[in-house]
Structures are given as structure tokens and as C-alpha cells.
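Visitor: Below you will find the structure I want to go over with you.
The values are calculated or read from the model by the stated rules, or taken from the named source; none is laboratory data. None of the values given here were measured: they were computed from a predicted structure. Cβ atoms come from the backbone with ideal geometry, glycine included; neighbour counts cover every protein chain shown.
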Amino acid sequence: MESSKVNVGIVGLGFGAEFIPIYQKHSNANVYAICRRNEEELNKIGDSFGIEKRFTNYEELINDPSIDFIHINSPFPDHGWMSIAALKAGKHVMCTVPMATTKEECEEIVGLVKETGLKYMMAETVVYSREFLFIKEMYLNGELGDIQYMSASHPQDMEGWQSYWEETIPMHYTTHIVSPILGLVKGRAEYVSCFGSGKINESIAQKSGNSYAVESCHIKIKDSDISAHIWRFLFDTARQYRESFDVYGTKKSFEWSLVEGGDHIIHTAKKPEPEIPEVIKVPDFAHLLPEEIRSFTGAIHDADHLSFVQVDGEFKYRVGGHGGSYPHMANEFISALIQDRDPWPNAETSANWTCVGLCAHESTKAGGEIVHLPTFTLGE
């Protein structure tokens, strides 16, 4: 870009508000505008952060000529059409996960990026979390050896959350577990085979059109001897929330903690059996960031805008959610715009990661039959 400072318009100000202080501290970004349907809540945030330009209408936001890119943090059923509208309005887009809820929307986004030369990035938290960055560093340094197998899981009971979750199929929200598998080896999913297991309650089954409580999927990575396994549920299964990623190599393996907040394990080959596992503390990776935003890997330093979790039916705030990923994602997209390069993940990669789940559910409905990923996601 010609300017060394980019103007961002943020839509969706739940956890999206956590990015405001990051952008305001970043030397190459300016929070030009914010957008939220609820005007009272919009003004509270605008007043808190000193942002003058405010919109309750998304179309007006994306058509403001002063905005360089739109950061979408809306509920995920809106991601597809909002991204498409912003790209058609000539705006670069960073959108939280997943990219969209249909393959058709994913294909349209990929096509618009190719046609316009605009940048698109799916803001996948896991591949910028300190855990992933730690595993990636081990892999690139050769500490893991050759990767033999990877697995990931995302159990989370969504009872009491927003109503659209009751209409959601487990595999349609899986990028948190697909992305680390494919992202670590810079691979694309070629085809999947998925099975449903158990039974969801009748109310959820009618709303979602899915009768299974759990979906379990094998992923074949293109041009690789590696396959991987993921599983996901949303309701009616007893398990604490967990977004896990396990990697098994010839020299070392990494296993995610079994419980939230627990310690991770490194297994080292060729040691006496009792010495193989080692409990580890994953370090922070703030040193990879510009100095002015490094502090945000540990916490969003504004008491009114911290990551939220649900406790006893109410949303409460916590410190440093999503593995310290937010400043890394913001910096990656800003840097891509300034340097005129593709962000990671770009549109095609984001589509591949998203379409794994969409294709997986097709496989579930077909009794586990192999379903190939669309060609527009394969970089061909």
C-alpha cells in the first residue's frame, strides 16, 4: 500500500472490541470506524476508546472510502455474505472463523480475491497461539523429526449460548482443529472420511438437521504420506471444553493437556520408558511482534474488554484468551497490506481449512464415503 498506516473498520464488538487497543497501539494501524447494530452499545465502546466514526449499518461502513480493510467479528453465520459484500465494495478483509458456511460462499470469496487483487485472511486463532508457535518452532528446528500422525479435538457444550449454535452441525465449525494440522506442514486437505456417533436430542436434531452427537473425521493431506484425525461435538456429551492438537514425530511428540489450563507433555524417543514423557510449560512468543503490541499476548489491557467465557449462564471476562493470538493475527494482516503480499492463511488456504468440515459432514451423511475437497481450495 502507498500509506504506511492502514485504516480499519471493525464490525462486531463482542470479542471484536479486544482488537481495538491492539490496533490503536500498532504503529501501522488506525481504528477509523466501528460498527454495531445496537447504537447504545456502539456508543459505549466508541466513547471508551475515543473512536468518532460509528456505524449501525454495515453497508454504510463498507462504502466509506477512507477505510482500507474490514475486520469482521460478527456471528459466524454472517461471515460469508459480509466478506463478499466488503470485497465487492473494494475493501480488504480479515474475518474470524470460519470463512463461510457453504462451499459456494467460499468459492465466491476466493474468486473475488483473484479477480480484484484484494487481500483476505481468515483470522484463525489457533495457528497464532503460543502452543502452535511452540510446536511449529520444534518442527522447523527438526526436534520432532518426521511427522507420523496428528490429531485434534474440539469438544464444547454450547447449551445456553447464542441460539444459532442449536442450528449448527459439529463439523461446520472445525477450523480450530483443522488449521493446526494443515498449517504445521503447510499442506492442503485432499479428501476426508467422516462418521457420526451417538444421538443428539430431538430438539437440536430438528433445528440442525443432524442427528449425531459427535462427528469424527480422517483427513488425507495432499501430496503427503500423513493423514490426521479430528473430532467435534456441540451438545449432549460430557466433556470439559478443549481445543487440542497432538503431533507425533519420530524424535519427539507433543500432547495437549487433557484439561483446560493443565500442562502439556513432550514425549522423547529412545529414552527409558519412565523418562519418555516430560511435563512442559509453553513459552510466550511476544518477541515475534512489534514492541508496542507485545504486551497483548498476555492480556488485553482494558478491564472492560477482555476475552469472555460463559459462567452459570452469564458472560464474564477473562485474561489472555485464545493463546495470545490476537496481536499476532492483527500484525500479520497489517504487515501483509503494507508489504503487498498474501497474508497467512490467504483466501485459498482459508477455504481449504473451512471446506474440510463442510465436506466431512457430507461424508457423514453418506456413511463415511470419501469426499474430495473442491479444486478451488487446492491451489491448482
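Visitor: Of all residues in the range 197-212 being touching a residue at least 40 places away in the same chain (Cβ under 8 Å) and part of a loop (DSSP other than H, G, I, E, B), which is nearest to residue 368 (Cα to Cα)?
Guide: 212
Table: residues versus (1) free of Cβ contacts under 8 Å to residues at least 12 places away in the same chain; (2) touching a strand residue (DSSP E or B) at 6+ places or on another chain (Cβ under 7 Å).
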| position | (1), (2) |
| --- | --- |
| 17 | no, no |
| 21 | no, no |
| 25 | no, no |
| 29 | no, yes |
| 33 | no, yes |
| 42 | no, yes |
| 45 | no, yes |
| 53 | no, yes |
| 65 | yes, no |
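Visitor: From the residues in the range 195-224 that are over 28 Å from residue 349 (Cβ atoms) and touching a Phe, Trp or Tyr at 6+ places or on another chain (Cβ under 8 Å), which one is surrounded by the most Cβ atoms within 10 Å (Cβ to Cβ)?
Guide: 200
Visitor: Please verify whether the range 244-251 includes one or more residues that are modelled with pLDDT of 95 or more, part of a strand (DSSP E or B) and either more than 21 Å from residue 128 (Cα to Cα) or out of contact with any Phe, Trp or Tyr (no Cβ under 7 Å at 6 or more places or on another chain) (or both).
Guide: Checked against the condition, which is being modelled with pLDDT of 95 or more, part of a strand (DSSP E or B) and either more than 21 Å from residue 128 (Cα to Cα) or out of contact with any Phe, Trp or Tyr (no Cβ under 7 Å at 6 or more places or on another chain) (or both), the range 244-251 yields at least one hit.
Visitor: Additional query: Select the strands (runs of 3 or more DSSP E) contained entirely in the range 275-357, then report the ones holding at least 1 residues which are touching a strand residue (DSSP E or B) at 6+ places or on another chain (Cβ under 9 Å), at pLDDT below 95 and more than 18 Å from residue 124 (Cα to Cα).
Guide: Here the list reads 307-311, 314-318.
Visitor: Within the range 174-193, restricting attention to residues that are touching a Lys or Arg at 6+ places or on another chain (Cβ under 9 Å) and farther than 17 Å from residue 129 by Cβ, which residue is surrounded by the fewest Cβ atoms within 10 Å (Cβ to Cβ)?
Guide: 191
Visitor: If I filter the range 77-84 for residues that are crowded, with 17+ Cβ neighbours inside 10 Å, among the β-branched types (Val, Ile, Thr), touching a residue at least 60 places away in the same chain (Cβ under 8 Å) and outside any loop (DSSP other than H, G, I, E, B), do I get at least one hit?
Guide: No, there is no match, as no residue in the range 77-84 is crowded, with 17+ Cβ neighbours inside 10 Å, among the β-branched types (Val, Ile, Thr), touching a residue at least 60 places away in the same chain (Cβ under 8 Å) and outside any loop (DSSP other than H, G, I, E, B).
Visitor: Right, next: Can you tell me how many residues within the range 15-60 are in contact with a Ser or Thr (Cβ under 9 Å, 6 or more places away or on another chain), under 26 Å from residue 84 (Cβ atoms) and outside any strand (DSSP E or B)?
Guide: 11
Every residue, every condition in (1) more than 22 Å from the chain's Cα centre (by Cα); (2) among the aromatic types (Phe, Trp, Tyr); (3) surrounded by fewer than 22 Cβ atoms within 10 Å (Cβ to Cβ); (4) on the phi > 0 side of the Ramachandran plot, yes or no:
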position	(1), (2), (3), (4)
9	no, no, no, no
25	yes, no, yes, no
40	yes, no, yes, no
57	yes, no, yes, no
69	no, yes, no, no
74	no, no, yes, no
87	no, no, no, no
95	no, no, no, no
